[in-house]
Amino acid sequence: MNSATELWQRYQDWLYYHEELNFYVDISRIRFTADFVAQMQPKFEKAFADMQALEAGAIANPDEDRMVGHYWLRAPELAPNESLKHDITSTLSKVDTFAKKVIKGEIHPPHAAKFTDILSIGIGGSALGPEFVAQAMAVTNPLLNISFIDNTDPDGIDLVLGQLSARLATTLVVVISKSGGTPEAANGMKEAKYAYEQKGLEFNRYAVAITGEGSKLDRIAKEEGWIDTFAMYDWIGGRTSELSAVGLLPAALQGIDIMAMLEGAKVMDEATRIANLKQNPAALLALAWYSETNGKGEKDMVILPYKDRLLLFSRYLQQLVMESLGKEKDLDGNTVYQGIAVYGNKGSTDQHAYVQQLREGVNNFFATFIEVLSDRAPGNKGPELEPGIFAGDFLSGFWQGTRKALYENGRGSITVSIPEVSPRMIGALIALYERAVGLYGFLVNVNAYHQPGVEAGKKAAAVILDLQKKVMAVLDAETAGSASLSIADLAHKVGQPEAIETVYLIVRHLDANSRINLEGNTGNPSSLRVSSLL
Ligand SMILES: O=P(O)(O)OC[C@H]1O[C@](O)(CO)[C@@H](O)[C@@H]1O
């Protein structure tokens, strides 16, 4: 299948086009055969049926005993009961009203007519969607500027708060955490609160929360009298929450048309509900993924949007795909080590970074190009760079050239083409990938809606913080004055001689931040003597 004529035929045979959205999916450059499609047919029939049950309210996340309802966010009429419908519509209208009031100045900071900035605090699904959408829809002069704290890196927090310092008194803080207990989000909130207090500002008059009802964050927000709280429901997973209050409130505050985002997702949902492989763009993606990875994650998914605005799409998809599919066990309890690794930034920039390896190196990936048909805002043609050639022509040429060069060297690619980057298209893209991941999860028989592996890291971190508290207590009790301890003695005295390496790493970090005294050579742990600052 290599002659140009054959490829052109394959392109036409497999091209998916959604007329209303002007949205294309091309999987012709994935080398699957008709036999493979026939073999996959029964699996898809089951996946379509499973997906239908999920949308009807089945417990699709058995471990957490949860329904999976992100599709209802853009079609509340499909929610399985009246109370859920009411939750969706009332939250949406609350988000819309609140954002309009903030933009008009009807909700304003205590000592100014209007908010100028938004500081969004959250991590994972409570940050990646809002960050992606903010960058995708950025404008030169926004109504409100948005900044993000999405980590517990103190230096990163200082940078963001430092940049906001002169405008903190007109900055609205949006704390987002579904569980309301994620340490990074909680720390970001505490650090922001401290910065407000340092300036004599009452934090509660600047803060709103988006969180599950009754969560720790919800209780804090209510007890402290924050401006408002917005509900996050247990049937919405973090990584599929961009079209809930989590993504819609930050977007609406920036003046982004959230109804268009929801509409784009709704139209895409209708298209991806069709139980027919060739007519369903999400099923086509899942088919291509399965073909490339053998249904076992054997190749990585490289996301290459040829559009700066879509730079963060790969990071957004990284969580959506990897947290959903990256599972040790399948739904029957077999050990399967499933998943598909996702990475990428943007073209043509990446052509000058890692595309060399993609073209010629280890063949362990398939590419997904995102092509945006319109180059610039309407009416802005830009300068002619060469006779008859504009900057966007280069971008398009580079994309086509890379697609061709990869294919010729036996490397597969998918191309998703959209007319422009708009709220409607963002909604459609999100809905397309949510459905593709869901269908693929059913194809490979994993629970795509839980993330048990993340808990292991969180628990291990809690153990280390606990050990650090013990280390400090021992140092304060035993080394105040002139005494000091070796690392081995210290580990022994905290009652965990086996954790000597952890004790060393804790001590080295404390020393680098001037919180203890350390003598000796840090590169030679056995030479060290540790003591308290007391
Ligand atoms: O919104 P929360 O509860 O703070 O969780 C943030 C993120 O943490 C995770 O639970 C684990 O990384 C994600 O699934 C989630 O998006």
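For this structure, a couple of remarks:
- Additional length obtainable on full extension of the chain from residue 112 to residue 143, 0.36 nm per residue less Cα span: 9.6 nm
- For the stretch 335-458, the relative contact order comes to 31 percent (Cα pairs under 8 Å, sequence separation of at least 6).
- Positive-pole candidate from 523, 464, 454, dipole of the stretch 427-534, charges at beta carbon: 454
- Dipole-positive endmost among 175, 343, 139 within the chain (Cβ charges, Cα centre): 139
- Distance between modelled label sites at residue 461 and residue 409, nm, 7 Å Cα→Cβ extension: 3.8
- Whole-angstrom gap from the stretch 92-127 to the stretch 309-332, using each part's C-alpha centre: 29
- Residue 259-residue 498 pseudo-label distance in nm [points 7 Å out on the Cα-to-Cβ vector]: 6.2
- Taking amide H as placed 1.01 Å from N in the peptide plane, residue 114 has no amide H partner under 5 Å among residues 5 or more places away or on another chain.
- Extension gain, residue 364 to residue 12: 0.36 nm times the residue separation minus the Cα-Cα distance gives 124.0 nm.
- Of the solvent-accessible surface of the stretch 231-374, computed with a 1.4 Å probe and all protein chains present, 45% belongs to carbon and sulfur.
- Dipole of the stretch 1-113, positive direction: furthest Cα of 79, 18, 110, with charges on the beta-carbon: 110
- Between amide H atoms placed 1.01 Å from N, distances below 5 Å from residue 120 occur with 147, 148, 149, 174, all of them 5 or more places distant or on a separate chain.
- Legend: residue pairs 266/327; 114/193; 94/458; 327/470; 104/266, Cα-Cα distance threshold 24 Å; pairs beyond threshold, 266/327; 94/458; 327/470; 104/266.
- Euclidean distance of C-alpha centroids, the stretch 351-374 and the stretch 130-196, integer Å: 33
- Inter-site label distance for residue 58 and residue 77 at 7 Å from Cα along Cβ, in nm: 2.4
- Rolling a 1.4 angstrom probe over the protein heavy atoms with all chains in place gives the stretch 74-207 an accessible area of 45 Å² per residue.
- When the P(r) of the chain is calculated, the portion above 43 Å amounts to 27% of the C-alpha pairs.
- For the stretch 419-529, convex hull of alpha carbons as volume per residue, Å³: 203
- Check: the chain dipole with +1 on Lys, Arg Cβ and -1 on Asp, Glu Cβ, in debye: 400
The values are calculated or read from the model by the stated rules, or taken from the named source; none is laboratory data. Bear in mind that the values here come from a model prediction, so they are computed numbers and not experimental data. Positions of Cβ are generated from backbone atoms using ideal geometry, with glycine treated the same way; all protein chains shown enter the neighbour counts. Note: accessible area is taken over every heavy atom of the protein model, side chains too, but ligands, DNA and RNA are not part of it. Shrake-Rupley method; radii C 1.70, N 1.55, O 1.52, S 1.80 Å.
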